[in-house]
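What follows is one structure encoded as structure tokens, with my remarks underneath.
The values are calculated or read from the model by the stated rules, or taken from the named source; none is laboratory data. Just so it is clear, the structure is predicted and the values come from calculations on it, not from any experiment. Note that each Cβ is placed from the backbone with ideal geometry, even for glycine, and that neighbours are counted across all protein chains shown.
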């Protein structure tokens, strides 16, 4: 995939007037990630179950129990967090407590960062396997927060080569339309457009959803490499 812009200009080189042709070519490469950060956030779950568990008629006193919903929520939150950690240990995955994002914690709120786990995977198949274990648990939400590839540096070099090759081909084609030939490359500069994805992972771009796997038509996250070069050729 590439875009092409062509400029014909006049400049002075070696005290002579020479025509130049300037080509702007952009190309993109998608890599399969081999480093995936998967975040699991644990909550207390549905509050109606807390009322059912903590309230009701007290047979000893003949009165209804007074419910401390905050205390019940904290207990259930801790229990749910323990369940998820036991599941992660059983799956023998690499994880750490805490998420990759910052949380604003108020005095009346639970410290969500303490009830969040970040799991590191090397393939999306591993992510899907764990997701299957978490499916149906109404007290967890999940998301792919970052992806990267160990092949990015090597593939980036290939991408540069591809862009230069396309620039040469387009320069030769356009120069031929004018009855001329594209000569030596006079300069190469890299263009960084606003919003350019660069080599950022798609997880960094739009934070893939935990519901990713519920719909077969949703794309899997990829590592995006994008290069845009301005290449100036001498016209012969």
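Miscellaneous remarks
- The combined condition, being in contact (Cβ under 8 Å) with a residue 40 or more places away in the chain, touching a strand residue (DSSP E or B) at 6+ places or on another chain (Cβ under 9 Å), within 30 Å of residue 84 (Cβ to Cβ) and surrounded by 13 or more Cβ atoms within 10 Å (Cβ to Cβ), is not fulfilled by residue 159.
- Test result for residue 76, over 29 Å from the mean Cα position of the chain (by Cα), at pLDDT 65 or above and assigned by TED's automatic domain parsing to the domain that holds residue 116: yes
One line per residue, one yes/no per condition, for (1) at positive phi; (2) outside any strand (DSSP E or B); (3) modelled with pLDDT under 90; (4) surrounded by 15 or more Cβ atoms within 10 Å (Cβ to Cβ):
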residue: 117; (1), (2), (3), (4): no, no, no, yes
residue: 126; (1), (2), (3), (4): no, yes, no, yes
residue: 130; (1), (2), (3), (4): no, yes, no, yes
residue: 145; (1), (2), (3), (4): no, no, yes, yes
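- Strands (runs of 3 or more DSSP E) fully within the range 1-56 counting 2 or more residues that are surrounded by 13 or more Cβ atoms within 10 Å (Cβ to Cβ) and at pLDDT 55 or above: 16-31, 35-42
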